[in-house]
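Visitor: Before anything else, here's the structure in question.
The values are calculated or read from the model by the stated rules, or taken from the named source; none is laboratory data. Quantities reported herein were computed from a predicted structural model and do not represent experimental measurements. Please note: Cβ atoms are built from the backbone with ideal geometry, for glycine as well, and neighbour counts cover all protein chains shown.
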Amino acid sequence: MFLTGEDWDRYSEKYARSFVSQNFGPGDKVVVCASYGMNVGASTMTLAAQKMGMTIIPEGKCTFPVRIMKNYQPTGIVGSVFKLIRLARRMEKEGMNPQESSIKRLVAGGESFAEESRAYVEKLWDVPVYNTYGSTEGTMCGECHEKVGLHVPEDMVHLDVYNPQMEDFIADGECGRMVLTTLLSPGDKTGTLLLNYDTEDTTVVVSRDKCPCGRTHMRILNPEREAETAWVMGAPFNRVDIERGVFQTGNMDYLTGEYEAFLYGDEEEVTLRVSMECHDVKNCPQELVQENF
Ligand SMILES: [Zn+2]
């Protein structure tokens, strides 16, 4: 990816909007668990924080020592759902209750996740978890505090949704492939211009109406990776659907949330095998977990 200085400004603008829409502001201290490197997310998030008067604790990953939580008293963390679960567990092991920490809100990103796993992380930390979707190509959509879809920065990127066969646009409310086009003001420069760029992610346009938060930019559902979608007997399902089964209420008293899934077979017969990790094998009601799943 080629990025000009103006591209960096646009990236940071998108992150700043997203943070503001999640009620972050001056005085907030946010731990960034995304890696600082060729991935532009972490760096441009940090630029966004500068614009907003917010402090960033640039950890780069979520395996930082839990004393950071005590010494710096962060008010937010940006990380993936699974990293946030593991961090909470590490804190508990060291005698800290995540629900009584300085954290006021969490931002989940990096990969798509099930609504059930968000609910679980919210319960674990007792704070709201906001969703973001970003890619190096230049999209960055963030959920506002109303949690009714991710706002698309429509003045910087044009988003179309095509049908899976890539033949035509589909109506709002239907699921299809996200196709992006960069929008620039006259005279603006960009290092990478996207024209009908296929993200290979699928989404649904939730609404183009004004959001209860007051913002007018369109809202989309959390995009899912097309590559993580399998078709069985003519019906599609995604990795997120399996995660939804794992994180069912009643399961998470016994499970860690970690799982692995295998799909094999032929046109006649298909087998889905899912293994789930539990805290304590001896005291895990396996039939109950199986039934919930
Ligand atoms: Zn909104």
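Visitor: Could you tell me whether Met45 is hydrophobic (A, V, I, L, M, F, W, C) and over 19 Å from the mean Cα position of the chain (by Cα)? Even if it seems obvious, please write down each step before you answer.
Guide: Values: hydrophobic (A, V, I, L, M, F, W, C): yes; over 19 Å from the mean Cα position of the chain (by Cα): no.
Judged against the criteria, Met45 is not a match.
Visitor: In addition: Kindly indicate whether Ala261 is loosely packed, with under 11 Cβ neighbours inside 10 Å and free of Cβ contacts under 8 Å to residues at least 40 places away in the same chain.
Guide: Working: loosely packed, with under 11 Cβ neighbours inside 10 Å: no; free of Cβ contacts under 8 Å to residues at least 40 places away in the same chain: yes.
So Ala261 does not fit the description; no.
Visitor: Can you name every residue in segment 239-258 that is assigned to a loop (DSSP other than H, G, I, E, B) and free of Cβ contacts under 8 Å to residues at least 60 places away in the same chain?
Guide: Step one: list which residues in segment 239-258 are assigned to a loop (DSSP other than H, G, I, E, B), which gives 247-254.
Scanning segment 239-258 gives Gly250, Asn251, Asp253, Tyr254.
Visitor: Just name the residue that is farthest from Arg244 (Cα to Cα) out of those in segment 146-158 that are among the aliphatic types (A, V, I, L, M) and within 16 Å of the ligand (Cβ to nearest atom). Break it down into steps so the answer makes sense when it comes.
Guide: Taking segment 146-158 as the starting set, the residues that turn out to be among the aliphatic types (A, V, I, L, M) are 148, 150, 152, 156-157.
Then keep just the ones that are within 16 Å of the ligand (Cβ to nearest atom); that gives 148, 150, 152.
Values: Val148: 19, Leu150: 20, Val152: 25 Å.
Out of the qualifying residues, it is Val152.
Visitor: Are there any pairs, at least 6 apart or on different chains, whose C-beta atoms fall under 8 Å, with the first in segment 146-160 and over 15 Å from Tyr15 (Cβ atoms) and the second within 9 Å of the ligand (Cβ to nearest atom) and hydrophobic (A, V, I, L, M, F, W, C), and if so, which?
Guide: Hits for this filter: Glu146/Cys211; Glu146/Cys213; Val148/Cys211; Gly149/Cys211.
Visitor: Which ones in segment 108-138 are polar (S, T, N, Q) and either on the phi > 0 side of the Ramachandran plot or in contact with a Phe, Trp or Tyr (Cβ under 7 Å, 6 or more places away or on another chain) (or both)? Working first, answer last.
Guide: First pass over segment 108-138, keeping only residues polar (S, T, N, Q): 112, 117, 131-132, 135-136.
Selection gives Ser117 alone.
Visitor: Please go through (1) assigned to a loop (DSSP other than H, G, I, E, B); (2) more than 16 Å from the ligand (Cβ to nearest atom); (3) not aromatic (Phe, Trp, Tyr) for Gly176 and return the number of the only condition it doesn't satisfy.
Guide: (1)
Visitor: Another one. If you scan segment 204-238, which residues turn out to be of a type in the set (S, T, N, Q) and either in a helix (DSSP H, G or I) or within 16 Å of the ligand (Cβ to nearest atom) (or both)?
Guide: Restricting attention to segment 204-238, the residues satisfying the condition of being of a type in the set (S, T, N, Q) are 207, 216, 222, 229, 238.
Scanning segment 204-238 gives Ser207, Thr216, Asn222.
Visitor: Out of all the residues in segment 124-145, which are more than 12 Å from the ligand (Cβ to nearest atom), over 14 Å from Ile220 (Cα atoms) and either in contact with a strand residue (DSSP E or B) (Cβ under 9 Å, 6 or more places away or on another chain) or free of Cβ contacts under 8 Å to residues at least 60 places away in the same chain (or both)?
Guide: Leu124, Trp125, Asp126, Val127, Pro128, Val129, Ser135, Glu137, Gly138
Visitor: Additional query: Which of the residues spanning segment 85-123 are in contact (Cβ under 8 Å) with a residue 40 or more places away in the chain and touching a Leu at 6+ places or on another chain (Cβ under 6 Å)?
Guide: Scanning segment 85-123 gives a single hit, Val121.
Visitor: Of all residues in segment 254-293, which are at pLDDT below 90 and closer than 26 Å to Glu92 by Cβ?
Guide: none
Visitor: Would you mind telling me which numbered condition in (1) closer than 27 Å to Thr4 by Cβ; (2) crowded, with 18+ Cβ neighbours inside 10 Å; (3) in contact with a strand residue (DSSP E or B) (Cβ under 6 Å, 6 or more places away or on another chain) Ile85 fails?
Guide: For Ile85, the failing item is (1).
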